[in-house]
Amino acid sequence: MKLQNEPLVSITLPTYNRPDYLKLAIASAINQTYKNIEIIVSDNGSPESAQPIVDSFQDSRIRFHRYDPAVSMFDNHINGFKMATGKYVASLHDDDLWEKDFLEKMVPPLEENPNLILTFCNQWVIDEHGKINEERTFEYNHDIGRHKLKQQVYQPFMEVALKDLAIQPASSAVIRREAIDWNKIPVKVGPMWDVYLPYMLAKTGMGAYFIEEKLTLYRIHSESETGKYETLAHKMKRASSQMDCYSIILAEEMDEPSLSPEMLSYIEYRWQHASTSMGIALLKDSKVREARSYLFKSLTKRKPDIRTLAAFSISLMPHPSHHIREFILEHIVKAHD
């Protein structure tokens, strides 16, 4: 449904050193059939400024901001939301794309129902050349629980947000901007901001509307976080971010409970899983004492699972060879991951 009066939508577009993809992302935003937009391009200290790329579009709706020196990925993303002035805000990664009618279809439900805080949609998975990968699209949407969702309002939507992780605010959601205080997103959640934000939105008690149509094109390539070969350092960083995020949620639930007992138990499980992942990565890096500390915390946080028990047992072995440790980690621990 096309609106007669289009409220302003702010599109935040954080970028770092992806000039070719950035051009495509900006074009994707500019070519929306929904025209009342502002586009906030936030360059996080790219070696070559993105300013010339922005200028080449000669579109007054684009606002450009550059950090030099660079800030954290978290700050680059969240500050974009803070700079927004629209009634609604939508994030678009510099390597992702939208279908031309993304906003045209995502905004009307919010206008029609003041009890909605966001809309979210299905998405395609594309490769580095922009070609749709049907198999990975199916797997991705299945992994985050969208295959079981119907086009309707979800209220409450805490399980959809936190357990399924079906709401992806980085590229496939439109949010009512003034419904939350963007300054209250903890810096410590870091790259897990896109998990914490849906939790924060769900806590308001407002609803989320799901659109079954695939309106976002999510690119997986060698430079993307999803496409990177995960080194031990990457695994440790990811586990640390997950632990921080889930610790913050658990602490907030102590002060202002909003989760059901089942969901609270699930968040405790996610924290335990992340702590065990950190321990396993440290074991693989031969840092046994540090690994044992994380694994012990996992054991005492809640009822231990086989994965944690197996990893902790390995950490207690006097002098296992590297090959024995790797064999057990790969064939026993991974089987229960």
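Filtering segment 25-57 to residues that are over 17 Å from A90 (Cβ atoms) and not small (G, A, S) leaves D43, N44, P47, E48, Q51, P52, I53, V54, D55, F57. G145 falls short on exactly one of the conditions (1) at negative phi; (2) within 21 Å of the chain's Cα centre (by Cα), and that condition is (1).
Determine whether segment 166-176 contains at least one residue that is more than 24 Å from T85 (Cβ to Cβ) and either outside the structural domain of I248 (by TED's automatic domain parsing) or touching an Asp or Glu at 6+ places or on another chain (Cβ under 7 Å) (or both). Scanning segment 166-176, I find at least one residue that is more than 24 Å from T85 (Cβ to Cβ) and either outside the structural domain of I248 (by TED's automatic domain parsing) or touching an Asp or Glu at 6+ places or on another chain (Cβ under 7 Å) (or both), so the answer is yes. Scanning segment 142-175 for residues that are touching a His at 6+ places or on another chain (Cβ under 8 Å) and without any contact (Cβ under 8 Å) to a residue 60 or more places away in the chain yields nothing. Pairing each residue of segment 179-208 that is on the phi > 0 side of the Ramachandran plot with any residue that is crowded, with 18+ Cβ neighbours inside 10 Å and acidic (D, E), provided the two are 6+ apart or on different chains, yields C-beta distances under 7 Å for G190/D244.
From the residues in segment 73-102 that are among the small types (G, A, S) and closer than 24 Å to D20 by Cβ, which one is surrounded by the fewest Cβ atoms within 10 Å (Cβ to Cβ)? So the residue we want is G80.
Restricting segment 315-337 to residues that are modelled with pLDDT under 85 and crowded, with 16+ Cβ neighbours inside 10 Å leaves a set whose member that is farthest from Y269 (Cα to Cα) is P320.
Please verify whether segment 227-238 includes one or more residues that are within 22 Å of I185 (Cα to Cα) and surrounded by 13 or more Cβ atoms within 10 Å (Cβ to Cβ). Talk me through it step by step, then tell me what you get.
Within segment 227-238, the first condition is being within 22 Å of I185 (Cα to Cα), and the residues that meet it are 237-238.
Among the residues that remain, those that are also surrounded by 13 or more Cβ atoms within 10 Å (Cβ to Cβ) are: 237-238.
Yes, segment 227-238 contains at least one residue that is within 22 Å of I185 (Cα to Cα) and surrounded by 13 or more Cβ atoms within 10 Å (Cβ to Cβ).
Checking F138 against (1) out of contact with any Leu (no Cβ under 8 Å at 6 or more places or on another chain); (2) hydrophobic (A, V, I, L, M, F, W, C); (3) crowded, with 19+ Cβ neighbours inside 10 Å, which single condition isn't satisfied? Unmet for F138, out of (1) out of contact with any Leu (no Cβ under 8 Å at 6 or more places or on another chain); (2) hydrophobic (A, V, I, L, M, F, W, C); (3) crowded, with 19+ Cβ neighbours inside 10 Å: (3). Name the single residue that is surrounded by the fewest Cβ atoms within 10 Å (Cβ to Cβ) among those in segment 257-287 being touching a residue at least 24 places away in the same chain (Cβ under 8 Å) and in a loop (DSSP other than H, G, I, E, B). So, considering only residues that are touching a residue at least 24 places away in the same chain (Cβ under 8 Å) and in a loop (DSSP other than H, G, I, E, B), the one surrounded by the fewest Cβ atoms within 10 Å (Cβ to Cβ) is S286. Within segment 162-174, being farther than 16 Å from M73 by Cα and touching a helix residue (DSSP H, G or I) at 6+ places or on another chain (Cβ under 7 Å) holds for L162, K163, L165, A166, I167, Q168, V174.
Can Y209 be described as buried (at least 19 other Cβ atoms within 10 Å of the Cβ), more than 12 Å from the chain's Cα centre (by Cα) and assigned by TED's automatic domain parsing to the domain that holds A161? Answer is yes for this residue.
The values are calculated or read from the model by the stated rules, or taken from the named source; none is laboratory data. On a predicted model such as this, the values are computed, not experimentally measured, just so you know. So basically every Cβ, Gly included, is an ideal-geometry build from the backbone, and we count neighbours across all protein chains shown.
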